[in-house]
1. Lysines near Lys80 by alpha-carbon distance under 20 Å, same-chain residues fewer than 8 away left out - which ones?
2. Go through [x] 10, 31, 31, 19, 7, 2, 0; [y] 12, 47, 36, 6; [z] 13, 44, 31, 11, 1 and flag the label whose value is the computed P(r) over Cα pairs in 10 Å bins from 0, in percent for this structure.
3. How much area per residue is accessible in the stretch 44-154 when the probe is 1.4 Å and only protein heavy atoms are counted (Å²)?
4. Once the Cβ-Cβ distance between Tyr97 and Ser19 is put in as r, and R0 is 22 Å, what FRET efficiency do you end up with, to the nearest 0.05?
5. What is the stretch 17-154's relative contact order, in percent, from Cα pairs under 8 angstrom and six or more apart in sequence?
6. With r as the distance between the Cβ atoms of Asn154 and Glu67 and R0 = 30 Å, compute the FRET efficiency 1/(1 + (r/R0)^6) and round to 0.05.
7. 7 Å from Cα along Cα→Cβ at both Asp32 and Glu85: what's the point-to-point distance in nm?
Amino acid sequence: MDENSITENIVSRIKGSISLATAKKLMDRVEDYARSQGMACVIAIDDAHGNPVAVHVMEDAFLVSYEVATQKAYTAVAVKMPTTEVHKLVQPGGTFYGLEAMSGGRIIGFGGGIPLKIGDTIVGGLGVSGGTGEQDAGIAEYGEKVFREMTGQN
């Protein structure tokens, strides 16, 4: 079986969105990594439609991190890009300046949100909150790498 056939098989198997079982495995790995970095985070995963699949709150995570992580996961799916890129675009003078206010608070421009893809197909979004935008982005990027490994993408 060639690489494209494998990817198509995986996409059809999860029906275009990340499954709860996959989300739970991914969150476990992300939690372990966050802990190794000395962070207590909230980890949120949305499906391809921006609906929540799972949210994991580590002990000692900031209360505000719940809302922020869920918004990051949603944003990554809604605008189809990492929230670190959204951050640049929503600044005064940026292409999407004002988008955060227009979205009723659903779109957020803090680092730590990443679309999860199989090939070019977005199957979900990962949001991490618990540290600085840079720290959260680093943990989310780790999560993206783990997701690629889990789905047979290198």
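The values are calculated or read from the model by the stated rules, or taken from the named source; none is laboratory data. Quick caveat: nothing in here was measured; it's all calculated off a predicted structure. Ideal geometry is used to build each Cβ from the backbone, glycine not excepted, and the neighbour counts take in all protein chains shown. SASA here: full protein model, heavy atoms, side chains in, ligands and nucleic acids out. Shrake-Rupley method; radii C 1.70, N 1.55, O 1.52, S 1.80 Å.
1. Answer for Lys80, where 20 Å is the Cα cut-off: Lys15, Lys72, Lys88, Lys117, Lys145, listed by chain and number.
2. Among [x] 10, 31, 31, 19, 7, 2, 0; [y] 12, 47, 36, 6; [z] 13, 44, 31, 11, 1, the one calculated here is [z].
3. Details: 5490 Å² over 111 residues.
Roughly 49 Å² per residue, with all protein chains present.
4. On the way: r = 36 Å, r/R0 = 1.65.
So the FRET efficiency works out to roughly 0.05.
5. On the way: 304 pairs, mean separation 37.2, N = 138.
27 percent.
6. Working: r = 34 Å, r/R0 = 1.14.
Efficiency for this residue pair is about 0.30.
7. Rounded to a tenth, the inter-label distance reads 2.9 nm.
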